[in-house]
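The values are calculated or read from the model by the stated rules, or taken from the named source; none is laboratory data. Everything numeric here is computed off the predicted structure, so don't read it as measured data. Quick reminder, even Gly has a Cβ in these numbers, built from the backbone with ideal geometry, and neighbours come from all protein chains shown.
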Amino acid sequence: MSTPYTDVLSAVTRQRGVLGCLLVSEADGIIVEANVQVGIEAGVAGALVASLYRRARLGTDAAGLATVGFLQLEAEQGHVCAVGRDGLVLATLAEPKAHIGLIRSAMLRALEVL
Amino acid sequence: MSDDIRRLSEELARDPSSIVFLQLGEALRRSAQLDLALRVASRGVERHAGNADAHDLLARVRVDRGELAEATVEWEAVLRLAPDHVGARKGLGYVLYKQHRLEEAEHHLGLAAEQGDPAVDTALRMVRRLLRYTNGSEPPHGPSPNGDRLAAAERRVEDEARRLFADILGDGPQTALLLDGEGLVTAGAYVTADGEDVAQDVGAALTGVRDEADRTVKHLRLGAWRAVMYETDVATIALGPVLADSLALVAAARTLPLGLVRRVLDRCIQRAESWLSEVV
């Protein structure tokens, strides 16, 4: 089934090393659209990334550093990336060797379309 | 009055013997309603004199009111009731540190650390550093420091902390902080263009990101996290874990490339870890 967001997510998941891309509500982590590989629990991932992004945004607001744009969490076994707009968060899960620069560009382009 | 405080107040009014006063007192304390918090906590202690958490709540309210001696009495009561109470050990460690009773502060913080609370790790290291500088080359359990030696030791530690990242940052449009497990600034500086020191505010606002990062990597099975970086309209923020409880934070102008900010963060983490690890 295709939604208005399917093409937006596909543009990100096409990048090398991307394991999944999700569009979630920032406030409650509810999934709007998800395209993830088998084995990834989209609901859990969406909720966690939305919460991380929200915490960063609130902290940044409180610190007077204006709006959060692209966020990246780097861990031993992968990356989590997120960008947000109008209460939505576009989240991407990627392998450790993924090219974050290309993923970032794809996510920022996708954000403009949302 | 927040919805939570109203709900908890109504619940306590319906059943004055309920231990919901613990939640209500804490909510009032967190919202800086310290007079009300004191009243709730004091009544709670009267009704539940054998409840260690009641005394702990009252102690925390007393500390927030700057009443360190009264807080000490309450935390000592906690330890009589529950000798393994980590909160009381941490609290006493903090109060004794503020009172310049460093050996005793180290004792309580050390016990809290032994009981598995990683959030005291940095505080304990800082107390031990002060003790080392105060007592010269003697081990931490040396004689009680006199005022002059202690003041000199504090100045030395403050100076080291302020300059910890200076050579890494240079004169570039970037700054760095080392935050402890409570989000308090241990080292570094964050001064705005108009000269205002906002280090504590920035540290307190951003330290919660660590909990979210911990939770995310745990549930997604990503192993340990190394960095969280995000771009804002005015700056790039990079955070990285330091030892068990601390956090390094680098803030740089948006004009600096992300990769450079990441390298600066790595160097700040290494510097912070080696500085903190000088004292075990």
Consider the stretch B:147-169. How many of its residues are over 19 Å from residue B:102 (Cα atoms) and of a type in the set (Gly, Ala, Ser)?
1
Any idea which of (1) part of a loop (DSSP other than H, G, I, E, B); (2) under 24 Å from residue A:97 (Cα atoms) is the one residue A:29 doesn't satisfy?
(2)
Does residue A:59 satisfy the criteria of being closer than 22 Å to residue B:232 by Cα, without any contact (Cβ under 8 Å) to a residue 60 or more places away in the chain and assigned to a loop (DSSP other than H, G, I, E, B)?
no
Scan the stretch A:27-50 for residues that are touching a residue at least 40 places away in the same chain (Cβ under 8 Å) and either over 13 Å from the mean Cα position of the chain (by Cα) or within 13 Å of chain B (Cβ to nearest Cβ) (or both) and jot them down.
A:27, A:36, A:40, A:45, A:46, A:49, A:50
Residue B:192: surrounded by 15 or more Cβ atoms within 10 Å (Cβ to Cβ) and either out of contact with any Ser or Thr (no Cβ under 9 Å at 6 or more places or on another chain) or away from chain A (no Cβ under 14 Å) (or both), yes or no?
no
Please go through the stretch B:91-108 and give me each residue that is of a type in the set (D, E, K, R), in a helix (DSSP H, G or I) and modelled with pLDDT under 90, ordered by number.
B:98
Candidate set from the stretch B:208-225 (those that are facing another protein chain (nearest Cβ under 7 Å), of a type outside the set (Val, Ile, Thr) and touching a residue at least 12 places away in the same chain (Cβ under 8 Å)); member that is surrounded by the most Cβ atoms within 10 Å (Cβ to Cβ):
B:213
Which condition breaks for residue B:249 when tested against (1) in a helix (DSSP H, G or I); (2) within 12 Å of chain A (Cβ to nearest Cβ)?
(1)
Just give me the residues in the stretch B:233-273 being touching a residue at least 60 places away in the same chain (Cβ under 8 Å) and among the small types (Gly, Ala, Ser), in sequence order.
B:244, B:246, B:248, B:251, B:252, B:253, B:272
Subset of the stretch B:226-252 that is over 15 Å from the mean Cα position of the chain (by Cα) and acidic (Asp, Glu) - its residue that is surrounded by the fewest Cβ atoms within 10 Å (Cβ to Cβ)
B:233
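To keep it simple, each residue is scored yes or no on (1) part of a strand (DSSP E or B); (2) surrounded by fewer than 23 Cβ atoms within 10 Å (Cβ to Cβ); (3) more than 8 Å from chain B (Cβ to nearest Cβ).
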{"residue": "A:15", "(1), (2), (3)": "no, yes, yes"}
{"residue": "A:52", "(1), (2), (3)": "no, no, no"}
{"residue": "A:82", "(1), (2), (3)": "yes, no, yes"}
{"residue": "A:89", "(1), (2), (3)": "yes, no, yes"}
{"residue": "A:105", "(1), (2), (3)": "no, yes, yes"}
